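Values in this text are rule-based calculations from the coordinates and carry no lab data. Please read these numbers as outputs of a predicted model, since none were measured by experiment. Counting neighbours? That spans all protein chains shown, and the Cβs are built from the backbone with ideal geometry, glycine included.
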């Protein structure tokens, strides 16, 4: 497997990165939902909830792929 600048294989790093960003965004979207509701914008709040659900599914899918890769040691920097 190719390794990136981190020394970790690219696929593992990429999955972890996507998972992190999806989870971080999901956390931020919770505030967006509250902001929209506080502004009386229920349709926009619903949109943010949909986006949050999509990111949650994305993070879950990354987790599944990382578990599939569990059979190979991709957790240590490669030399």
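Label-to-label distance for residue 14 and residue 63 is 2.2 nm, based on points extended 7 Å past Cα in the beta-carbon direction. With both labels modelled 7 Å from their Cα along Cα-to-Cβ, the residue 24 to residue 56 distance reads 2.1 nm.
Ordered by the number of other Cβ atoms lying within 10 Å of each residue's own Cβ, fewest first, 17, 56 fall into the sequence 17, 56.
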